[in-house]
Each structure stands twice: as structure tokens, then as C-alpha cells.
Amino acid sequence: MVHRTVIDTQRLPPAERFGMWLDLVARTSTPLRIRSDHQHDFRASAEIIDLGPVRLLRYRYPSLEAVRTAKLVRRSEVDYHLLALTLNGTGVVGQAGRQSRLDAGEFTFYDGSRPHEVSHFGDECDQQYAASVVALIPYGALPVPPERLSPLLAGRMSASEGLGALVAQYLTRITAFPEQYRQADAERLGGVALDLISTMLGRHLVAEDDVPREVRRRALLAQVRDHVQRRLGDAGLTPGSIAEAHHVSVRSLHRLFEQEQTTVASYIRELRLARCRRDLADPALAHRPVQAIATRWGFRDKAHFSRVFRAAHQLTPQEYRTLHLQQARMVNNPASGVNPGSPY
């Protein structure tokens, strides 16, 4: 699992919780002057995940207001930008003479080395805490020159459509399920995050040319892969439909996959076969017809599915299912013989 640090103030007596939170923020992001109406019993949690060049923080806390003053800036050197996604509650951010109100499903971007103000309020009526995911991005990690990023400071960016939605899904997925990712993949996961974030920021600047071509290529590839995985069951998923959805030519789409040493069609086919293998080997789906599983994952033609599956696995779908269900029964049967004389 990727390296994760979990902090929960509720492990401490109420009087010590807010002080612990102040120490946490000072160590993991930027020293801030923080106040809250919940200082007497600050129930909050944070998960910190290191992905090589990027650090992700997932926060849950009562309402708070924070200020990074010019004095704090002079006292503590910070060399990174912050991309913050509001998951729950409403927020207000201000920097460089600009102020924005943020709702759930919106990003903001600011510079940790400059004075700024951040407030985040949960829903007091519904007793829902504020929550956010923050990416700490060191200077130099983004390929866009820092001076070009100034127009984005304290602005609003949608996390519910286009590339912003993909960035949001990527960050929230990793922080919500870190146990699904290996530490050996941390650097690569951080690299993908940087590519997606860089391209998203470039689009909001209307200055994608400032983003290196290879970064844009990798970001587009991540978009296409996400698009394919979410539409595997659609029999109309073709290179043409994928290219149209991403506003590129079919030829450009094929070139994109050539560098990955595969083709678009092969990528789709392998993913569909992987989903079919998983379902065919699942005892809970043993009652479901083979063709129903194939159709679920985009194989509408029975004969075609059988040919493709057999070519890949040297077994028919039914033979594959029978083999793996038998193996599952052999693994599970010995458990039923434990304590055979027990009345329980």
C-alpha cells in the first residue's frame, strides 16, 4: 500500500485536539493562523499520502478560518503551490487581490509562499463536516512557468466536467482507497497526477502551448483510458467514438497508442476480456449465462466473443468458468470440515 499517515484528533482529550491540528497543518502544508468556533472540541481527521513529487492530503474538519500573513511568510519558507478540491461544505479563498467562493465540486489554486486567506464551513444545520482534498505541488514540478500561473490564484475551476472531473476522480479515488495502490507505484501515480493537473491548469490559462507536448500527450492518454474504462459495456465504443469525444482525429488517437506499444482496439479488447474473466470466475455470478456476462462488457456477438476468448486463453468461456469455479470449491471446501463435531 502507498505510504499513508492518518491523524485523528478524537484520539486526544477535547482540550488538546485543536493544538494537535495546528501542529499538523504547520508540519504538512503551510503555517497558518487558524481559528474555529469548534476550538473547544475540534474533531477532525487527516490522511496524508506521499506520491513522489506530489503530496495528497484528505481533510475532514469542523468549520475553520485560516490566514497566512506576510509575517508568517517571512518566518517560514514554503516552495509549493496548492490545488484544493472542496468535497463538502462551502469555502472562501483569497490571494493576490482576488477572492472566490467555493462550493462542493470546485477546485481552487494558490501559492503557499504568498499571503492568503482560506475559510471552509461545514453544514451546521445537517451537522456535516467540511471536507477537502489538497495536492501540494513543489515549485518546478509543474511545467508551466510560475509567472504564468498567477492569473489562476484564488480562482475557481470546475471539478464536475471535462478534465477537471478526471483530476477530481483521480485524486479522490487515491485518497479514498489508498490500500488499492502499491508503494512501488507511488512515483508513477504522482507523475500521472502532475500531468493531469498541469494540463487542466494550462486549459484554464488558455495557454496549453506552455505545457510540454509530452505532458499533454500523457494527460490525453489518461483521459482516453478513463473514458474507455467507464464505457466498456457500450458496444458502440470504437476508435471513432473515442476520437470524437476527445476532439482529436482517429489518426491522432492511433498515434497516441502506438507509443504505448498497443492499439486502441487491442486496449479495449483486453479490458473487456479482463472484466469477463473476473465475472466468469466469480461464484456469486455462477447463475448468470455466459452470454449475459459477455454482453455486459460489450461483446454482443456470441460467436465473436467465443473466438476472441479462446484465442486469448486457449479455453472456451464455459471451460474457463468451470475450471475456476472448481478451483474455488476446492479452496473453500476444507473450511467446512473444521470442528465437524461442534454443534455450532
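The values are calculated or read from the model by the stated rules, or taken from the named source; none is laboratory data. Since this is a predicted model, take the numbers as computed values, not measurements. All Cβ positions, glycine included, derive from the backbone under ideal geometry; neighbour counts span all protein chains shown. Side chains included, ligands, DNA and RNA excluded: accessible areas come from the protein's heavy atoms. Shrake-Rupley method; radii C 1.70, N 1.55, O 1.52, S 1.80 Å.
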Scanning the range 22-47 residue by residue, those surrounded by 13 or more Cβ atoms within 10 Å (Cβ to Cβ) and at pLDDT below 90 turn out to be Leu22, Leu24, Val25, Ala26, Thr28, Ser29, Thr30, Pro31, Leu32
Which members of the range 294-308 meet the condition of being closer than 17 Å to Arg231 by Cβ and surrounded by 12 or more Cβ atoms within 10 Å (Cβ to Cβ)? Ala294, Thr295, Arg296, Trp297, Gly298, Phe299
Name the pairs: first residue in the range 8-35 and within 14 Å of Arg60 (Cα to Cα), second residue of a type in the set (D, E, K, R) and outside any helix (DSSP H, G or I), Cβ to Cβ under 9 Å, at least 6 apart or on different chains? Asp8/Arg43; Thr9/Arg43; Gln10/Arg43; Arg17/Arg43
Name the one entry in Ala15, Ala96 that is small (Gly, Ala, Ser) and on the phi > 0 side of the Ramachandran plot. Ala96
Do we find that Glu147 is open to solvent by 20 Å² or more (accessible area, probe 1.4 Å), within 26 Å of Arg35 (Cα to Cα), acidic (Asp, Glu) and outside any loop (DSSP other than H, G, I, E, B) in this structure? no
Those residues that are touching a residue at least 60 places away in the same chain (Cβ under 8 Å) and part of a loop (DSSP other than H, G, I, E, B), I need them from the range 77-127; list them, please. Asp79, Gly105, Gly112, Gly122, Glu124
Identify the single condition in (1) of a type outside the set (Gly, Ala, Ser); (2) open to solvent by 70 Å² or more (accessible area, probe 1.4 Å); (3) closer than 29 Å to Arg74 by Cβ; (4) modelled with pLDDT under 90 that Glu117 does not satisfy, given that it satisfies every other one. (4)
From the set of residues in the range 268-285 that are in contact (Cβ under 8 Å) with a residue 24 or more places away in the chain and open to solvent by less than 40 Å² (accessible area, probe 1.4 Å), which is nearest to Val250 (Cα to Cα)? Ile268
Kindly state which helices (runs of 4 or more DSSP H) lie completely within the range 256-335 and contain at least 2 residues that are on the phi > 0 side of the Ramachandran plot. none
Among the residues of the range 225-245, what is the count of those that are open to solvent by less than 30 Å² (accessible area, probe 1.4 Å) and without any contact (Cβ under 8 Å) to a residue 40 or more places away in the chain? 3
